[in-house]
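The values are calculated or read from the model by the stated rules, or taken from the named source; none is laboratory data. For clarity, every value in this text was computed on a predicted model and none was experimentally measured. As a convention, Cβ positions derive from the backbone with ideal geometry for all residues, glycine included, and neighbour counts pool all protein chains shown.
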């Protein structure tokens, strides 16, 4: 015997609207913030062998966002500008240097160009030029918000964002650290209470769902069981704790742990939808099928 229940298509769509709203909120916060670069003494410096230290914090202008970087760092040779819209002199995009920008691909991989008045263009990705044949470099932001790797200028050479990339931090412990990190957005929905009708309790066997799972997204399940229709309801995942989930793709039956959901008459499930890191895509759940036996 199996119990079958349905989600309306509008759940996935509504969740996408929530994601879009959160994106707007996040971008608004970024615009209002002075900087999201760390004020910690060792956590806002980049290094170049010719120019020396570059301070990414003291101008209070640099903001890392999911799509781009704005503002400018200070150095002994003038500003290192990351965006022609937000220079010390305001928006200069219509002037001689053109419309330049250091971009973010939503998950921390940086690309595009910065600018320095004395030395010119600064490339954050070898693909900006004719390709990466001679030197395969790209600056990026890791999961902890740390800038990693190098940018390149034809006159200055390499700009290093982290002492880990130059043979260790024993000589000088420097890095550029931002509070921005790539992250997903999640939303969840709890089912109604299902009565198996088994007076002595039932065994939950498996779960299967139908819908759409775009690349980079996830659908996760947790279950709660009880011998009373009023609960209590404690949602748990694969190891019996609230911190884990059952993860499965559409149209794939996933076996549940028999020791966790046995001899209980009533059950609920919680389905959690996880967006991609760009917060642009969300899964859609149309139909949930829970298999159980007396």
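Annotations
- Qualifying residue in region 202-213 (condition: outside the structural domain of residue 44 (by TED's automatic domain parsing), part of a loop (DSSP other than H, G, I, E, B) and in contact (Cβ under 8 Å) with a residue 60 or more places away in the chain): yes
- Verdict on residue 78 being in contact with a strand residue (DSSP E or B) (Cβ under 8 Å, 6 or more places away or on another chain), in contact (Cβ under 8 Å) with a residue 24 or more places away in the chain and assigned to a loop (DSSP other than H, G, I, E, B): yes
- Across region 185-202, the qualifying residues are those that are buried (at least 18 other Cβ atoms within 10 Å of the Cβ) and touching a helix residue (DSSP H, G or I) at 6+ places or on another chain (Cβ under 7 Å), and the one among them that is modelled with the lowest pLDDT is 185.
- Being under 30 Å from residue 55 (Cβ atoms) and not assigned by TED's automatic domain parsing to the domain that holds residue 128 is a property that holds for residue 178.
- Residue in region 52-66 that is under 19 Å from residue 124 (Cβ atoms), touching a strand residue (DSSP E or B) at 6+ places or on another chain (Cβ under 9 Å) and modelled with pLDDT under 95 present: yes
- Residue match in region 161-178 (condition: under 30 Å from residue 249 (Cα atoms), modelled with pLDDT of 95 or more and within 18 Å of the chain's Cα centre (by Cα)): no
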